[in-house]
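I have placed the structure first, in the form of structure tokens, so that the comments after it can refer back to it.
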Amino acid sequence: MKHEEHDIQTFSDDDSTKDRQFVNALARGLEILRCFRPHEVYLTNTEFAKRTGMPKPTISRLTYTLTKLGYLNFSADQGKYQLGAGVLALGYSLLSNLDVRKLARPLMQDLAEYSQCNVALGIRDRLSLVYVEACRGSSAVTLRREVGSRIPLATTAMGKALMCGMPQAERDFLMDHIRLRDEENWPKVKAGIEQGFKDFQDHGFCVSVGEWEASIYAVGVPLIDPEGEKMMAFNCGGPAFLLSLDALMNDLGPRLVQLVRGVEVNMGRHF
């Protein structure tokens, strides 16, 4: 799974018969907006159709409507669509209401400078995580992943940590979907996730040693929201040539746990 891939999971037309509250037209429109990947500015109706599996006439009506509402812009010169200001407004509203970012950032920056690694806070989006805050050390060789970066759930330290903080039913649901997405590699992926559960039970954090990308080592810790509403996790990682398993297990892992406990205490005071 590449870190810039979306989890484009379209729904079937019989969803409305399964759930009478489910609005197919709304869901289709949102699938269009989800097609854009990092660093992609423009997409055509043909590309939307390919990524969603929807018929081109349906795509044309949806993109027309989304353009009228300001969620897409159409470039006559390019003959393509790009995301509009309406999407930016929604994203900004989400970020501005995440008080945990303000509480966590000073602690994250301190750890980033100490470790000369990337320290990030992420939330789940289907089978991926999206960074909502990110700090990095001043070293020129550290990872450079910004707010909005996407990483996979199943093979990263942050993803495994997030699953460790979930109720069992939700965890089982996601495990099943991870299996269905890549059944060929499922035995290896499952073993990594289960090792993450064991690491979390034994040490309070999860590790990923080249599981997602061979050149990246990281630790992850889930954030426990006092109100139980937000599912988030932190990670601390960097290039494999700068880190060792010993450093993850005996230094950065415990430090990240301490960081998250400090955030949780501050959250309890602010809610």
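Bear in mind these aren't lab numbers, they're just calculated from the coordinates by the rules spelled out. None of the values given here were measured: they were computed from a predicted structure. Glycine also receives a Cβ, built like all others from the backbone with ideal geometry; neighbour counts cover every protein chain displayed.
Scanning the chain for trypsin sites (Lys or Arg not before Pro) lying in DSSP loops with no more than 16 further Cβ atoms inside 10 Å, the longest uninterrupted stretch between such sites is 21-125. Extension gain for Glu170 to Ala247 (0.36 nm times residue separation, less C-alpha to C-alpha distance): 24.6 nm. Placing +1 on the Cβ of every Lys and Arg and -1 on the Cβ of every Asp and Glu, with nothing else charged, gives the range 124-271 a dipole about its Cα centre of roughly 280 debye.
Helical runs assigned H by DSSP (4 residues or longer) give the chain a calculated mean residue ellipticity at 222 nm of -14000 deg cm²/dmol, each run adding -39500 (n - 2.57) before division by the residue total. For GluC sites (Glu not before Pro), no site in the range 18-47 is both called loop by DSSP and has at most 10 other Cβ atoms within 10 Å. For the cross-link pairs Lys50/Lys80; Lys50/Lys188; Lys160/Lys188, the ones whose C-alpha atoms lie over 24 Å apart are Lys50/Lys188. Close amide-amide hydrogen proximity is noted between Leu129 and Ile151, Leu153, each under 5 Å apart and 5 or more residues distant or on a separate chain (H modeled in the peptide plane; Pro and chain starts excluded). Only one residue of Cys236, Trp186, Leu94 has its Cα farthest out toward the positive end of the dipole of the chain, where Lys and Arg carry +1 and Asp and Glu -1 on Cβ, and that residue is Leu94. Whole-Hz Karplus values for the range 148-164 come out as x, 5, 10, 9, x, 6, 6, 10, 10, 4, 5, x, 5, 5, 4, 5, 5 Hz, taken residue by residue from phi with 6.51 cos²θ - 1.76 cosθ + 1.60 and θ = phi - 60°; glycine and proline positions read x.
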